[in-house]
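These notes concern the structure reproduced below.
Here, each number is a calculation from the coordinates, and none is a lab measurement. None of these values were measured; they are calculated from a predicted model. Cβ: placed from backbone, ideal geometry, glycine included. Neighbour counts: every protein chain shown.
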Amino acid sequence: MKKYWKFAGLIAVLLAAVGLVVGAVAFAQEPTPTPEDTEPVAPDHPFGKGLGQEIFNREAIHQAIADTLGMSVEELEAARAEGKTIEELAAEAGVEMADIQAAVEEVRNAAIDQA
């Protein structure tokens, strides 16, 4: 019976030690930092911001879309500010969305090749 209590006491001490180590590690961890230098999404911009905003040249992509639609970047941005979608502009210009996607992909591939 004495061996049982020694064994139970040893197990209790080991569990307490493991609990202290795990608890110390968990509480020693600093909170996840929040990036303060990131810009929020700009809802007032006609195209917004999103994934890849720092990788791809937005102006080049806008230029490719405008060129494919047969308009200037300013006309494209004005139409987007009025609430028209790229799909609507493509339909008005008689351009397939696949052509616009191919133009954007070409600009992105060029940016990747430069990186």
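Highest mean first, what order results for 68-80, 9-21, 88-100 on Cβ atoms within 10 Å?
Most protected by this proxy first, the peptides run 68-80, 88-100, 9-21.
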Between the modelled labels at Ala78 and Gln63 (7 Å from Cα along Cα→Cβ) the distance in nm is 2.1
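Quick check: residue separation of Glu96 and Glu30 times 0.36 nm, minus the Cα distance between them. What number comes out in nm?
Full extension of this stretch gives 18.6 nm more.
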